[in-house]
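Participant: Attaching a single structure in structure tokens format; questions to follow.
The values are calculated or read from the model by the stated rules, or taken from the named source; none is laboratory data. On a predicted model such as this, the values are computed, not experimentally measured, just so you know. Glycine also receives a Cβ, built like all others from the backbone with ideal geometry; neighbour counts cover every protein chain displayed.
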Amino acid sequence: MSLEEFKNRNVGQQTYKMVQSDPTPKTGKEQFEQVVRRAFKGELFVGLYVTLREMINALFRGEMHTIKYPFEKLPISPRYRAIHDMLRLLESGHYRCIGCGLCEKICISNCIKMDTRYDENQRKEVSEYTINFGRCIFCGYCAEVCPELAIVHGARYETASEQRASFSLFEDMLTPIDALKLQQEYDGFGAISPNADQNIKKTPLAY
Amino acid sequence: MSNDITMKIDGIECVAAEGEYILNVARANNIFIPAICYLTRCSPTLACRICLVEADGKRVYSCNTKVKEGMEVTVTNQEILEERRAIMEVYDVNHPLQCGVCDQSGECELQNYTLEIGVDSQTYSIPDTKREAANWSSVLHYDPGLCIVCERCVTVCKDMIGDSALKTGPRGGEGINKDAKDTMPKDAYAMWNKLQKSVIVPSNGTGETNCSDCGECIAVCPVGALVSRDFVYQSNAWELKRVPATCAHCSSGCQIYYETKHTSIGDTSEKIYRVTNEWNYVSLCGAGRFGYDFENRAEGKNKEAFDKAVEALQKADSIRFNSVITNEEALMLQTLKEKFGTKLVNPDAFAFQKFLKAYSRSSGKTLYGSDFKEIMKSDFVISVGCALHNDNPNARYAFNNIQKMNKGAGLYFHPVADPLIASLGKSVECFTHKPGLEEAALYLVLDLFAKRERLPQDTIDYLDSFHSKITKTVQEKVMEDVTETVTDAKTGESKEVTKKVPKTIEKEIVVDENRLALLLGGKGDFAETFQDMMKKKERFSLIIGEDLYFHTKAENLAALVALIESSCDIEIVMVPPKTNSLGVALICDLDESAEGYCVGYNEKGDFRLSALGDGDLDMPAMNQQEGTLTNMNKRVLPTNAALEYNGYELNDMMVALEIGKHLTIDWTPMLAGKRGFKKANFDELPNGYTNSGVENRGYALENISTHAEAIQLQKFDESIALEGEIAYRCNPQRQFNDFSDKAHQIFEEYGLYASTAKAESLGGKVEVDFGSSKMIFEVISDDSIEGEIVRVPDFKSEKDIYTLFGEDRYKNVIIRKV
């Protein structure tokens, strides 16, 4: 859709399509006739049939539609922005975060803080990482800016807890190492687009 | 002065000094020419070749091409753009894609120019070479993987600092494909060829640099290859708050930025992470760059101690303090003196004040004539009585820069031989004289440089008395014609053959012997050397150091300095002994010695105010308070508080004594009453540099004319020269005071510094007998000195070294092994 149509602000001159409906009754007689016609058309019984059918399906054929929250939860869109997850590299199990500090910088409510240091393997190590969820507005910038897809939004949308600290530390958000197999790749805000390969130029390599 | 010329860069008319480089003219006129390897104040390296421009139709490098009258420069055209793009592509070949963790964190010139020039694809490739990160010294960390070999570190170390501790070494990389020469732009090819062959290595051939650990190489590094060991992966640059300040360690008063951030997630108090500087215009020393964490973390306001302090100040007979204080604090102390008659005792500023007073009596002005910015333009520099390596790093940088940049020459008069100074330039003559002969050194300067018509007759006669004509036998080689008769063996014919044969003959010549030069330890052929040194020299400068203020004949020396200034066309600068000695000397009326009940401010006393956290009442350290400092360039410079301070400050005590102001900085305009200071509000003082390198910091002190008396010179007395075992009061190169000592990255220990040979003969521990008292020292071997004189540092105020040495900087001592 081109922008032209949005820019056309001459309201009233568009070609609207009118909804087809019966003419409105005008006299008392016409009104009475409409009531009788609608009441005795048999649609009442159609409705009763549908209800009965669904009841039987739910009770006897196992097609219940009610979700028993909090024991059951609906799947949510990958674009939903809930409590953050810290992902691990699938190959090594090491956490993906490289400590670049972009999430800390971009955070508009200043709720991310990290401490880094030079570790024994000459790498940058994140020695501490915290998100203050009392301040976080779940804007998703941190996930979008993360170059490693290390910090992403997870599906934990219940932000009620006995203590706020329960999910503000790095370890709490990090995929447990034994659940590495279950780690889902993130498709939401900031994830690589499906056609990313077509959008880049390749650098020549000498070997 | 060189003449100004007019030229055009991209059609914009620029006025510049003749002989200036195109790049500098462009920068001064806010015209952008990309350049990576060039450093203002240093010689062009020509490593990056990106500053390519077209001048009058020819392709030149703007960093090493001097402007000419009417020159027309085009910064970019299609060809140049292609060249620049190719250069940037080459720099990006195999550059690790770890910008995310790199300590440069976006303040990266490689990144900036890659984006500026719009490199969005790569055409070149070559196999990478494995290069391991290494620690070069206790503070330097080098990652060759990130290095783009622009050689800025090498250049600054040689041209500015003088250590020449770095050089380029072999990289072991694969050679570039031969076809590349024909297919790629030629400057890019040449640059790549060089890049592929080199990395930066310590110049002494080992894995460790043997240098003064100033960290200037870290400052100039355009990428994250050189970082201080302490800062590696500590913080992103953008998280740090930059607090413009003035370094408080020595009298250079360099402009610095304290960069602060919260300590950690658990500790939200501010912490200084590093110190940075405007490296194009000012070079720091190791103390300035690494000695920043000397703050006094006071717990809070201790009312009880405060009341005692106010009481102590009220009843004090004297206040002992040192020169690591602001002008404002000095003025407060002076106000106390005026109100209560308290004696103010500050040994370093007192000696300097006496010297300055004697100097102004003879010269008719309150301050020396020049400053270090000016003398860096000279091409002949003389240093008398200043341990250049240790007393003031910027004096040494100036001395070195003159040798390297202005094809200069230098004379260095000092009793402690320093191999580094001798290595700064080819025309540096070092006079290692006996301590006490500084007058002779100044007389020699007079003799060598004075315009005779400006000197009083008795001085001329006195100087002439040292000259004598002596006949000397020299050996000379001459070519002599020798005629021989040669008989040909075959024909039997005789022939006369003339040959040239070298022959040594003895010749008598009359030479002028200068007894002054010989007395000071000069070589016999000094007269000839001096003639060579003087060739093509136009501007002369003289650095006066602390040895002259702490000298039995200080007044005569001051008069001599004044006479040199008036008779020799030499620009004169003095190096104040400590941070703010000049400010204190101008603001306070100092007394010679303390008596009675004494309050010590960062010094010994019956009641101690201390910014070191060990006194009876805490005071803010220099990085926790605002105020002004007076530096050796005669400027009053503002410094700001980088860290919070919760305790009391001197002004609070003044308020309690009912002579205080609302804020400490309300004292700044009050300085106006003192010699040379102006009425300026603290908040209006600028602290920065302009693009053309003009120092726009604080304000310059006014040099006030005073009544000049006729100069009365005394002849020097050869007998006051010290013989035997001598101790010299001098700090190791990165130590200046208790505060530099407190900093965790300054490792120079307190001890007796001796040359390697001397240290070997002394052993591990010695007792030094100063006559009045004895002290036990660890002996530290120092390869930056030669000879027998040992150095006793004065940076620890608790050791009270000033009292031991009295009015001299050299003292006869007895050293015993323990």
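Participant: Which residues, counting only those in region B:241-270, are of a type outside the set (V, I, T) and more than 18 Å from B:T639 (Cβ to Cβ)?
Facilitator: Our first condition is that a residue be of a type outside the set (V, I, T); within region B:241-270, this holds for B:241-242, B:244-245, B:247-255, B:257-259, B:261-262, B:264, B:266-267, B:269-270.
B:K261, B:H262, B:S264, B:G266, B:D267, B:S269, listed by residue number.
Quick grid of which residues meet (1) within 13 Å of another protein chain (Cβ to nearest Cβ); (2) out of contact with any Gly (no Cβ under 9 Å at 6 or more places or on another chain); (3) surrounded by 14 or more Cβ atoms within 10 Å (Cβ to Cβ); (4) touching a residue at least 40 places away in the same chain (Cβ under 8 Å):
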position: A:E104; (1), (2), (3), (4): yes, yes, yes, no
position: A:L149; (1), (2), (3), (4): yes, no, yes, yes
position: A:Q163; (1), (2), (3), (4): no, yes, no, no
position: A:F167; (1), (2), (3), (4): no, yes, yes, yes
position: A:P176; (1), (2), (3), (4): no, yes, no, no
position: A:Q183; (1), (2), (3), (4): no, yes, yes, yes
position: A:I200; (1), (2), (3), (4): yes, yes, no, no
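Participant: Can we say B:K469 is surrounded by fewer than 21 Cβ atoms within 10 Å (Cβ to Cβ) and assigned to a loop (DSSP other than H, G, I, E, B)? I'd like the intermediate steps shown before the answer.
Facilitator: Values: surrounded by fewer than 21 Cβ atoms within 10 Å (Cβ to Cβ): yes; assigned to a loop (DSSP other than H, G, I, E, B): no.
Taking the combined requirement at face value, the residue does not satisfy it.
Participant: Follow-up. Testing B:T74 on (1) in contact (Cβ under 8 Å) with a residue 60 or more places away in the chain; (2) more than 14 Å from chain A (Cβ to nearest Cβ); (3) under 27 Å from B:C221 (Cα atoms), one condition comes back false. Which one is that?
Facilitator: If we test B:T74 against (1) in contact (Cβ under 8 Å) with a residue 60 or more places away in the chain; (2) more than 14 Å from chain A (Cβ to nearest Cβ); (3) under 27 Å from B:C221 (Cα atoms), just (3) comes out false.
Participant: Quick check on my filter: what residues within region B:735-764 are in contact with an Asp or Glu (Cβ under 7 Å, 6 or more places away or on another chain) and farther than 18 Å from B:E778 by Cα?
Facilitator: Residues satisfying the conditions are B:A743, B:H744, B:Q745.
Participant: Right, next: Within region B:604-630, how many residues are closer than 30 Å to B:A700 by Cβ and touching a Phe, Trp or Tyr at 6+ places or on another chain (Cβ under 9 Å)? Show your work before the answer.
Facilitator: To start, the set of residues in region B:604-630 that are closer than 30 Å to B:A700 by Cβ comprises B:611, B:619-630.
Among the residues that remain, those that are also touching a Phe, Trp or Tyr at 6+ places or on another chain (Cβ under 9 Å) are: B:611, B:619-628, B:630.
Residues flagged as closer than 30 Å to B:A700 by Cβ and touching a Phe, Trp or Tyr at 6+ places or on another chain (Cβ under 9 Å) within region B:604-630 amount to 12.
Matching residues to (1) of a type in the set (V, I, T); (2) outside the structural domain of B:N602 (by TED's automatic domain parsing):
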site	(1), (2)
B:E493	no, yes
B:T498	yes, yes
B:Q531	no, yes
B:K536	no, yes
B:L542	no, yes
B:S567	no, yes
B:D591	no, no
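Participant: Further, regarding this structure: Testing B:G787 on (1) surrounded by fewer than 18 Cβ atoms within 10 Å (Cβ to Cβ); (2) free of Cβ contacts under 8 Å to residues at least 24 places away in the same chain, one condition comes back false. Which one is that?
Facilitator: All conditions pass for B:G787, except number (2).
Participant: For region B:100-207, give me every one of the strands (runs of 3 or more DSSP E) that falls completely inside it and has 3 or more residues that are more than 13 Å from chain A (Cβ to nearest Cβ) and under 27 Å from the mean Cα position of the chain (by Cα). Explain how you work it out, then say what you get.
Facilitator: On the way: elements: B:140-142, B:166-170, B:198-202.
Those strands (runs of 3 or more DSSP E) span B:166-170, B:198-202.
Participant: While we're here: If I go through region B:53-65 residue by residue, how many of them are closer than 12 Å to B:A26 by Cα and in a strand (DSSP E or B)?
Facilitator: Count: 1.
Residue-wise test of (1) surrounded by fewer than 24 Cβ atoms within 10 Å (Cβ to Cβ); (2) over 30 Å from B:L455 (Cβ atoms); (3) of a type in the set (S, T, N, Q).
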{"position": "B:N580", "(1), (2), (3)": "no, yes, yes"}
{"position": "B:Y597", "(1), (2), (3)": "yes, yes, no"}
{"position": "B:G613", "(1), (2), (3)": "yes, yes, no"}
{"position": "B:N623", "(1), (2), (3)": "no, yes, yes"}
{"position": "B:M632", "(1), (2), (3)": "yes, no, no"}
{"position": "B:Y648", "(1), (2), (3)": "no, yes, no"}
{"position": "B:G660", "(1), (2), (3)": "yes, yes, no"}
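Participant: Could you tell me whether any residue of region B:216-239 is surrounded by fewer than 20 Cβ atoms within 10 Å (Cβ to Cβ), away from chain A (no Cβ under 14 Å) and of a type outside the set (A, V, I, L, M, F, W, C)?
Facilitator: no
Participant: While we're on this one: Which condition from (1) surrounded by 14 or more Cβ atoms within 10 Å (Cβ to Cβ); (2) within 14 Å of chain B (Cβ to nearest Cβ) is the one that A:F189 breaks?
Facilitator: Result: A:F189 passes all but (2).
Participant: Across region A:151-161, which residue is farthest from the other protein chains (Cβ to nearest Cβ) among those that are aliphatic (A, V, I, L, M) and either under 14 Å from the mean Cα position of the chain (by Cα) or within 13 Å of A:I112 (Cβ to Cβ) (or both)?
Facilitator: A:A155
Participant: Anything in region B:326-354 that is farther than 18 Å from B:K634 by Cβ and of a type in the set (A, V, I, L, M, F, W, C)? List them, or say none.
Facilitator: Hits for region B:326-354 are B:M332, B:L333, B:L336, B:F340, B:L344, B:V345, B:F350, B:A351.
Participant: So which strands (runs of 3 or more DSSP E) are wholly in region B:567-672 and hold at least 1 residues that are more than 30 Å from B:Y359 (Cβ to Cβ)? Spell out the reasoning first.
Facilitator: Values: elements: B:570-574, B:598-601, B:607-610, B:627-630, B:635-639.
Qualifying strands (runs of 3 or more DSSP E): B:598-601, B:607-610.
Participant: Let me ask something else about it. Have a look at B:E89, B:E82 and point out the one that is out of contact with any helix residue (DSSP H, G or I) (no Cβ under 7 Å at 6 or more places or on another chain), assigned to a helix (DSSP H, G or I) and within 14 Å of chain A (Cβ to nearest Cβ).
Facilitator: Numbers: B:E82 fails: within 14 Å of chain A (Cβ to nearest Cβ).
Testing whether each residue is out of contact with any helix residue (DSSP H, G or I) (no Cβ under 7 Å at 6 or more places or on another chain), assigned to a helix (DSSP H, G or I) and within 14 Å of chain A (Cβ to nearest Cβ) leaves just B:E89.
Participant: Same structure, new question: Residues that are outside the structural domain of B:G364 (by TED's automatic domain parsing), farther than 23 Å from B:A554 by Cα and of a type outside the set (S, T, N, Q), at least 2 per element: which helices (runs of 4 or more DSSP H) completely within region B:709-809 meet that?
Facilitator: Details: elements: B:738-742, B:756-762, B:801-805.
Helices (runs of 4 or more DSSP H) meeting the threshold: B:738-742, B:756-762.
Participant: Got a sec? Which of B:Y292, B:Y258 is more than 14 Å from chain A (Cβ to nearest Cβ), surrounded by 24 or more Cβ atoms within 10 Å (Cβ to Cβ) and outside any loop (DSSP other than H, G, I, E, B)? It would help to see each step written out before you state the result.
Facilitator: On the way: B:Y292 fails: outside any loop (DSSP other than H, G, I, E, B).
The conditions single out B:Y258.
Participant: Say whether the condition of being more than 14 Å from chain B (Cβ to nearest Cβ), part of a loop (DSSP other than H, G, I, E, B) and more than 24 Å from B:G224 (Cα to Cα) is met by at least one residue in region A:106-127. Outline the logic, then answer.
Facilitator: Of region A:106-127, the ones more than 14 Å from chain B (Cβ to nearest Cβ) are A:108-109.
From the residues that got through so far, the ones that are part of a loop (DSSP other than H, G, I, E, B) too are A:108-109.
This time we only want the ones that are more than 24 Å from B:G224 (Cα to Cα), so: A:108-109.
Checked region A:106-127: at least one residue is more than 14 Å from chain B (Cβ to nearest Cβ), part of a loop (DSSP other than H, G, I, E, B) and more than 24 Å from B:G224 (Cα to Cα).
Participant: Name the residue that is surrounded by the fewest Cβ atoms within 10 Å (Cβ to Cβ), counting only residues in region B:117-153 that are closer than 28 Å to B:L81 by Cα and of a type in the set (V, I, T).
Facilitator: Filtering region B:117-153 for residues that are closer than 28 Å to B:L81 by Cα and of a type in the set (V, I, T), the one surrounded by the fewest Cβ atoms within 10 Å (Cβ to Cβ) comes out as B:T123.
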